[in-house]
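Only one structure is covered here, and it is reproduced in the block below.
The values are calculated or read from the model by the stated rules, or taken from the named source; none is laboratory data. A quick note: this is a predicted structure, and the numbers were derived from the prediction, not measured. Calculation scope for accessible area: heavy atoms of the full protein, side chains included, ligands and nucleic acids excluded. Shrake-Rupley method; radii C 1.70, N 1.55, O 1.52, S 1.80 Å.
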Amino acid sequence: MLTIHAADEMRVAWGSGESVKGGAVAVEGARVAAVGSLTELTERFPSARVRQWPGGVLGPARVHDGPLPDAPTPRERIHAVLKSGAVAVLEEHADTAELRAAAARNDVAVLPRTRPTAIIENGRADLAVFDEKGACMATVCAGRLVHRRR
């Protein structure tokens, strides 16, 4: 099933000055099917499910580049990363077999070093939506909505 994620504003990469008002990303499975305006994507994919994130800025999910948050279990530590809008961690901080297994079960990438993130057609669908204060509203990891602030 194809899902379109849309927000008041979209950035294909963080730190760039470019943003798209009313931007959207079409996600099919674990991949980005298309990027554009909500109007363009709903016309192109009329049967898609639409998830709108009012008041948010949609962009690529981030790389968590510091120590993982404290939590009682490895699964909860990985979930705390997802709640922050990140879908990747550095291998130096995923330093136990249990943490690496929890990351793998949740499709969280374990990277040797940080890297730039961007939304790219046919790329892995890793998205995050942040509110005006910078708090994560939603995280999509490999096409799955894994965090949503209520």
Averaging sequence separations of C-alpha pairs under 8 Å and six or more residues apart, then dividing by the length of the stretch 44-94, give the relative contact order as a whole percent. 40
Per the 1.4 Å probe, what fraction of the accessible area of the stretch 91-150, in percent, lies on carbon and sulfur atoms? 48
Cα gyration tensor, the stretch 53-142 - rounded (a/c under 1.5), prolate or oblate: prolate
Share of antiparallel DSSP beta bridges in the chain, in percent to the nearest 5? 65
What translational diffusion coefficient, in µm²/s and rounded to a whole number, does the Stokes-Einstein relation yield for the chain at 10 °C and a viscosity of 1.306 mPa s, taking the hydrodynamic radius as the Kirkwood radius over Cα pairs? 103
If the convex hull is drawn through the Cα atoms of the stretch 1-62, its volume per residue in Å³: 76
